[in-house]
Amino acid sequence: MVRAGLEAHVTGRIIASAEVLHPRAVRRHVPGAADFAGRLAGVKVEAARRRGKYLWLDLADGQALLAHLGMSGQMRVQPPGAPDEKHLRVRFTFADGGPELRFVDQRTFGGLALADLVDSGGTPVPDTIAHIARDPMDPAFDLAVAARALRARRTEVKRALLDQTLVSGVGNIYADEALWRARLHWARPTERLTAAQARAVLGAAADVMAEALAAGGTSFDALYVNVNGQSGYFDRSLNAYGQAGRPCDRCGTPIRRDPFMNRSSFSCPRCQPRPRGPR
DNA sequence: GTTCTTTCCTGCGAGC
DNA sequence: TGCTCGCAGGAAAGAA
């Protein structure tokens, strides 16, 4: 959705300037903020692309402007002169004098960087994210291959789902929802997944992502390119994540919260029984 | 080579 | 009322 907004509002335009208002926003651009701004001035934007949680703009000079929104990042298109957002981090102006592109990020987990484009399985991607796997919504995503890779891991299934080198775009929320749909407990050892279970949980992840994307689209308008996490989908459609104590939508058993990697995992104790026995 | 832990940051809500 | 505390999230880097 964010990608589509950028495609519609930024593609074909020439960047006039990039103003970095918070150095942390470009911390992953190693040469620094001045280099970042200097190399973007006068460059044309050719396309907007996405892989997993990364988003980037193809630039006419063969580079890419790479963005990760973290959890609080937004890309906004605003008329010049619109009041600065409280957490405005980077402002892009364009040679046509039209709307600005703004990177806004409260918690500064997100960031921007410039990268060279390299080939990854026939697709040009920024070199710094070439290790990131295709996401389940990518037309070239191969479910059978990903399912085999998932079963080849030696860890808990949720840890594997969150590993972006195996499958990308799945975060804590989508992982819990996919596991609920596939009726798998988050701690199930990957080596004990059947082939059908591995395919099911990955397919469920794809479904959840597609539904979230479709729901997020409802709040899109010309001036608000990002659809940030809080939109309707999260309140209405979650079966497991954040639902501790509420009845499971399948069986009515209260959803349980477990500590997991310094955060939480939510699951139905009845539909998703904890694995037993030795690994 | 693979897997696991720590750390970055800010706003919010709960509890005192 | 105002303070502190814990929590939320993704991924890089270092540790095991």
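The values are calculated or read from the model by the stated rules, or taken from the named source; none is laboratory data. Model, not experiment: these values are computed from the prediction. Virtual Cβ from ideal backbone geometry, glycine too; neighbours counted across all protein chains shown. Please note that ligands, DNA and RNA were not included when accessible areas were found on the heavy atoms of the full protein model with its side chains. Shrake-Rupley method; radii C 1.70, N 1.55, O 1.52, S 1.80 Å.
A few points about this structure:
- Within the accessible area of chain A, the carbon and sulfur atoms contribute 52%, probe 1.4 Å, all protein chains present.
- Charged neighbours of residue A:71, selected by a Cβ distance under 12 Å, balance to +2 (K, R count +1; D, E count -1).
- Intensity falloff of chain A expressed as log10 I(q)/I(0), Debye formula with alpha-carbon point scatterers, at q = 0.07, 0.11, 0.12, 0.16 Å⁻¹: -0.29, -0.68, -0.79, -1.22
- Local electrostatic count, residue A:244, Cβ distance below 12 Å [Lys/Arg +1, Asp/Glu -1]: +1
- Think of each Lys and Arg Cβ as +1 and each Asp and Glu Cβ as -1; about the Cα centre, that makes the dipole of chain A roughly 1620 debye.
- Stokes-Einstein diffusion coefficient of the range A:102-201, Kirkwood radius over Cα pairs, 25 °C, 0.890 mPa s, in µm²/s: 164
- Dipole magnitude for the range A:12-156: computed about the Cα centre from +1 point charges on Lys and Arg Cβ and -1 point charges on Asp and Glu Cβ, it is near 600 debye.
- Here the 3J(HN,Hα) profile of the range A:132-141, calculated from phi with Karplus coefficients 6.51, -1.76 and 1.60 at θ = phi - 60°, is 6, 6, 5, 8, x, 9, 5, x, 8, 5 Hz, Gly and Pro shown as x.
- Surface accessible to a 1.4 Å probe, residue A:85 within the full protein complex, Å²: 30
- Among A:265, A:237, A:168: highest mean-square fluctuation, GNM of chain A, C-alpha pairs under 10 Å: A:237
- Residue-count net charge about residue A:112 - beta-carbon cut-off 11 Å; Lys, Arg +1, Asp, Glu -1: +3
- Solvent-accessible area per residue in the range A:2-129 equals 43 Å², computed with a 1.4 angstrom probe and all protein chains kept.
- Backbone amide hydrogens, once placed in the peptide plane, bring residue A:169 within less than 5 Å of A:53, excluding anything fewer than 5 places away on its chain.
- Subtracting the Cα-Cα distance of residue A:258 and residue A:86 from their residue separation scaled by 0.36 nm leaves 58.4 nm.
- Kyte-Doolittle at least 0.5, axis length at least 20 Å by Cα - qualifying DSSP helices, chain A: A:195-216
- Each label point was placed 7 Å from the Cα along the Cα-to-Cβ direction; for residue A:47 and residue A:140 their separation is 1.0 nm.
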